[in-house]
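Take a look at the structure set out below.
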Amino acid sequence: MRNMLQGAIAVVALAFCHAAIAQEAPGTLVVDVQAFTSEKELPKKVDKQLRNGGLEWGVKDGQVVFTMVAKQFIDFPVNHLTRYGQSESLALPAGEYRVTGIGLEMTTAFSVQKILDRGAFVNEDAMSFTIEAGKTTTLSIKPVIYKDATFAVNFWMPTLMASAKTEGATEATPETALNRRGTSSIAWPQYNGPLKFVAK
C-alpha cells in the first residue's frame, strides 16, 4: 500500500513537472523584413540607398519597438538591425506582445531637437501578436513608398506595413502601418511615456 501511494505521488509530481515545463517552453519570433518597393519612380541614388537600408528594432517585456528615430533618443534596447530583404529569428517566452512604431517626418530645422519636436511621433501599441510555446510567429514588414506619399524635404521614408501570423493559423492579421502619422499618433513633445530618453 505504501509503495502504491509513493508511486501515485511520483506520477502526480511528474505530471506537474511536465506541465511547468510546457508552460515555460518558448516560442519563436521571426521578423521578416521584405524587400523595399516603391510605387513611384525614385532618383537612382535614393533608390540604391533605400534598397541597402534596414530597420532598427528591439524587444523587451512583451513589447516590440521599431524606430525611425535614432536610438540615442530612445530609452529601450534597440539592439537589432534587419536589412530589407532579410529576416531574423529569436526565441521568446510565450505570451502576448505589443508592437509600437516610432515614426519621423523630416522637416527643415536648425537643431536635432527641433526636428524631433516637429516630425517625430509614437504609434503606441499599433498592433499585437501572440507567441505560442513550441510554435513560430512571423512578423512580416513590408517597406513601401506609396505613389501618394509626399516629402517636405529630400528625405525618403518608406511606410512599414506590418502583419503577424502564427504557425498553424489560416490567415495573418490585417496590415497595420507602424510609422504613419494618424489620429492616434502621439507627437514627440506630448509623449511622456517610457520610450523617450530624458537626460537626468
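Please treat every number below as a calculation from the coordinates, not as lab data. Remember, predicted model here, so these are calculated numbers, not experimental data. When we count neighbours, we look across all protein chains shown, and the Cβ atoms used for this are built from the backbone with ideal geometry, even at glycine.
Here are a few things to note about the model shown:
- Cβ-based exposure ranking for LEU178, LEU116, in which fewest neighbours within 10 Å come first: LEU116, LEU178
- Under 5 Å from the amide H of GLU167 lie the amide H atoms of THR136, THR137, THR138, each residue being 5 or more positions distant or on a separate chain, with H modelled from the backbone and absent for Pro and chain starts.
- Rg/Rh (Cα only; Kirkwood hydrodynamic radius) as it applies to the stretch 27-190: 0.97
- Qualifying trypsin sites (Lys or Arg not before Pro) in the stretch 16-109, where qualification requires a DSSP coil assignment and no more than 11 other C-beta atoms within 10 Å, comprise LYS40.
- Working from label points 7 Å from Cα in the Cα-to-Cβ sense, the LEU90 to VAL144 distance is 2.8 nm.
- By the count of neighbouring beta-carbon atoms within 10 Å, fewest first, VAL69, VAL144 end up ordered VAL144, VAL69.
- Chain lengthening between LYS48 and THR183 when straightened (0.36 nm per residue, less Cα-Cα): 45.3 nm
- Of the chymotrypsin sites (Phe, Trp or Tyr not before Pro) in the stretch 25-131, those whose Cβ has at most 13 other Cβ within 10 Å and which sit in DSSP loop: PHE110
- Distance violations [Cα-Cα > 29 Å] among LYS142/LYS196; LYS44/LYS142; LYS142/LYS200; LYS40/LYS135: LYS142/LYS200; LYS40/LYS135
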